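Step one of this worksheet: look at the structure below.
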Amino acid sequence: MKKVAMLLLMAAFPLSAWAKMPVVTSFSIIADMTREIGGDRIEVVSLVGPDQDAHVFQPKPADVKRVGEAKVFVVNGLGYEGWMGRLTRAANFKGVVVSAASGVSALKVASDDHDHGHGAIDPHAWHDPVRVQNYIHNIEAGLTKADPAGRDIYRQRAAAYSAKVKAMDAWAVQQFSTIPLAQRKVLSSHNAFAYLGARYQISFLAPQGVSTDAEASAKSVARLVRQVRQDKIRAVFAENMASQRLMDQLSREAGVKVGGKLYSDALSPSGGPADSYLALFRHNVSAIVSALK
């Protein structure tokens, strides 16, 4: 009798009603935001994991399969995932594509960096919590489109997450207010922090452009060494998914010490100092403020 009852129950509620909605995201930061908004209704797989570089990602057959089976594919957009179009075509993806950064006021990059990955637009908008409100709205809308029954849950979770991001922004404003404007100069591995700089009036310098796939020229490195010496820049950071070799070279030639690690394009592994977007942002702000002081 128990077996019959179970079969009747399964007939009344198909297996798809019990399964979580499969969602694929392009990289770890977007994956974390999506999990925050989707909660227990979704199962998220990130193509590019923690401490990995989405700039040089090459999809494998297993990634094509994952995307083909997903109901939602969440990407950053703004040209960040140059491989995204090829991947969705190979996977014959029929679900909802969410460009999380859609609608943000995008920053332009220097004209000499256009050929190095992303064209004229800087895609790293997640480093500005104000612009991240667009990410939250777009992810909520995409999940709702694929799963209308979860509308209220997605709306509530998005509102709660939005409040946390706004509180974090207010905290960062207070933190940077203790640093004189003329002192807010930071050297990092590649040009990933322009949005952070624009939001909190920080001047970021970098030997590489917006893509880590671009090699820094000897001329640009020499120019940076001169500027670091001239401006006496002491806030010098490597990045979790970039080569340490270039920063070590700059450190030697400019006579400064690399003061720690910033998380730019990827989270840390679970349990690390930046294993969520909120943790990443707080870690970066705290590290920068400490170095500038």
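Among the residues of region 271-284, count how many are assigned to a helix (DSSP H, G or I), among the hydrophobic types (A, V, I, L, M, F, W, C) and surrounded by 18 or more Cβ atoms within 10 Å (Cβ to Cβ).
3
Is it the case that some residue within region 24-40 is of a type outside the set (A, V, I, L, M, F, W, C), modelled with pLDDT under 95, in the same structural domain as Leu143 (by TED's automatic domain parsing) and not in a helix (DSSP H, G or I)?
no
Answer with yes or no whether Ala54 is under 19 Å from Ala266 (Cα atoms) and at pLDDT 95 or above.
no
Yes/no matrix, rows are residues, columns are (1) under 30 Å from Lys293 (Cβ atoms); (2) touching a helix residue (DSSP H, G or I) at 6+ places or on another chain (Cβ under 9 Å); (3) in contact (Cβ under 8 Å) with a residue 40 or more places away in the chain:
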| position | (1), (2), (3) |
| --- | --- |
| Thr88 | no, yes, no |
| Lys94 | no, yes, no |
| Ala101 | no, yes, no |
| Pro123 | no, no, yes |
| Pro129 | yes, yes, yes |
| Arg157 | no, yes, yes |
| Val165 | yes, yes, yes |
| Ser188 | yes, yes, yes |
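Here's a check for you: in region 142-152, which residue that is assigned to a helix (DSSP H, G or I) and in contact (Cβ under 8 Å) with a residue 12 or more places away in the chain is surrounded by the fewest Cβ atoms within 10 Å (Cβ to Cβ)?
If we take residues in region 142-152 being assigned to a helix (DSSP H, G or I) and in contact (Cβ under 8 Å) with a residue 12 or more places away in the chain, then Lys145 is surrounded by the fewest Cβ atoms within 10 Å (Cβ to Cβ).
Which count do you get for residues in region 250-270 that are free of Cβ contacts under 8 Å to residues at least 40 places away in the same chain, among the charged types (D, E, K, R) and either more than 22 Å from Ala54 (Cα to Cα) or assigned to a loop (DSSP other than H, G, I, E, B) (or both)?
3
Hey, does region 134-141 have a residue that's modelled with pLDDT under 95, farther than 26 Å from Val64 by Cα and in a helix (DSSP H, G or I)?
Checked against the condition, which is being modelled with pLDDT under 95, farther than 26 Å from Val64 by Cα and in a helix (DSSP H, G or I), region 134-141 yields no hits at all.
So which residues in region 41-66 are over 18 Å from the mean Cα position of the chain (by Cα) and part of a strand (DSSP E or B), if there are any at all?
Scanning region 41-66 gives Ile42, Glu43.
Between Gly85, Gly103, which is at pLDDT below 95 and surrounded by fewer than 16 Cβ atoms within 10 Å (Cβ to Cβ)?
After ruling out the rest, the residue left standing is Gly85.
The values are calculated or read from the model by the stated rules, or taken from the named source; none is laboratory data. Computed from a prediction, not measured in an experiment: that's the story for all the values here. All Cβ positions, glycine included, derive from the backbone under ideal geometry; neighbour counts span all protein chains shown.
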